[in-house]
Amino acid sequence: MAVVAFVGLGNMGGPMAANLAKAGHDVKGFDLSQDALTKLEEAGGKAFGSVAEAVKGADVVVTMLPAGKHVREVYAGEDGILANINSGATLIDSSTIDVQSARDVAKIAEQAGMKMVDAPVSGGVGGAAAGTLTFMVGGSDEAFAAAKPFLDIMGKTIVHAGGAGNGQAAKICNNMMLGIQMISVCEAFALAEKLGLDHQKLYDISSTASGQCWSLTSYCPVPGPVETSPANNEYKPGFAAAMMLKDLKLAQEASGAVNAQTPLGAAADELYSAFCDAGNGNVDFSGIINKLRG
Ligand code: NAD
């Protein structure tokens, strides 16, 4: 069994670390929140007072942090991971961050003799607790092979998307599609309402016709057709609008950096910005139908 350091024990990192401990690994954790550290100990891990202490002697480090600036600081800062970890360790960053930060940190890690992957996830808090996350992984073949046994414990589907940063690229491209598709489904239902077309009828037709997509068939934004969708639960998340907006902004940032044309991604960013600015950041992202109804 390995010594695994885990930094960032929040809503996602907490249950992911708990699954590693449950699988028998020696999990050493650090988070800025005392509450998160207490939960780690309850789950069988050991809490430490700093990044440096947590990663000392670890074979593997997993990080699950809010954004690129936290990842840069925790890896490359003076008391960070790279200054304190044994050469040859495997580093897994599962945070959702900008592609450039992922590539920059991977490069520094590689120069220091580490194997590093970016491995953002989809599947949310439920998937983290159940160990059924999907990991989109960027890094060398060697780094992927070293990380895979640990990703297998925390997830169900593990996809190697290419070199460093490609896990983040896959995540933001996927979520840009998702945001655009959700808006398209919401617009169609809002128009159908005004045209006197019943929700269930539109669902029955489009779910087996060319308008079919995940936002319709698994996450329908109106109550009724899909029992498990947040629309049947007062739009409680689910996947919060603020998290969708974060991913859309990362997609726009990446798009600008490589001069890609993403006009619908830009429109989705604008619509979710306005929705969140109106106090709906904690509403499920399918709740944007209420804004689109006007
Ligand atoms: P969270 O805010 O619950 O957890 C982040 C944790 O990082 C917090 O406990 C915070 O105290 C800790 N932290 C921040 N800076 C730190 C530092 N310097 N050292 C140690 N700990 C530090 O967020 P989350 O929901 O767990 O999300 C984590 C990442 O996963 C984000 O990048 C998010 O975009 C991504 N993600 C979240 C979900 C979801 O459904 N929550 C789904 C997919 C991906």
Plugging the Kirkwood radius over Cα pairs into Stokes-Einstein for the chain, at a temperature of 25 °C and a viscosity of 0.890 mPa s, what D comes out in µm²/s? 123
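By how many nm would the segment from Ile205 to Glu73 lengthen if fully extended, with 0.36 nm per residue of separation less the alpha-carbon distance?
42.5 nm
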Under DSSP H, which helices of the chain have Cα atoms covering 15 Å or more of the helix axis and a Kyte-Doolittle average no less than 1.0? none
Could you check how much of the accessible area of the chain is carbon and sulfur, as a whole percent, using a 1.4 Å probe? 54
In Å and from the alpha-carbon atoms only, list the Rg and Dmax of the range 151-209. 17.6, 50
Beyond 21 Å between alpha-carbons counts as too far, so tell me which of Lys46/Lys115; Lys171/Lys291; Lys249/Lys291; Lys39/Lys107; Lys46/Lys148; Lys194/Lys291 fall in that bin. Lys46/Lys115; Lys171/Lys291; Lys39/Lys107; Lys46/Lys148
Residues other than Ser206 with Cβ under 13 Å of its Cβ, Lys/Arg counted +1 and Asp/Glu -1, net out at -2
Just report the Cα centroid separation between the range 181-201 and the range 230-266, whole Å. 21
Chain lengthening between Lys22 and Ala257 when straightened (0.36 nm per residue, less Cα-Cα): 80.5 nm
Give me the net charge of Ala67's neighbourhood, meaning all other residues with Cβ under 13 Å from the Cβ of Ala67; Lys, Arg count +1, Asp, Glu -1. -1
At a 10 angstrom cut-off on C-beta neighbours, averaged per residue, how do the peptides 113-119, 77-83, 100-106 rank from highest to lowest? 113-119, 100-106, 77-83
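Full-extension gain between Lys236 and Asp152, please, as 0.36 nm times their residue separation minus the C-alpha to C-alpha distance.
27.3 nm
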Considering the convex hull of the alpha carbon atoms of the range 171-294, report its projected area averaged over all viewing directions, in nm², one decimal. 7.4
Where the range 151-288 is the region considered: accessible area per residue in Å², 1.4 Å probe: 49
Average accessible area per residue (Å²) across the range 18-123 - probe 1.4 Å, nucleic acids and ligands excluded: 43
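The values are calculated or read from the model by the stated rules, or taken from the named source; none is laboratory data. Because the structure is a prediction, the values reported are computed rather than measured. Cβ coordinates were reconstructed from backbone atoms using ideal geometry, including for glycine residues, and neighbour counts include every protein chain displayed. For accessibility, only protein heavy atoms count, side chains too; no ligands or nucleic acids. Shrake-Rupley method; radii C 1.70, N 1.55, O 1.52, S 1.80 Å.
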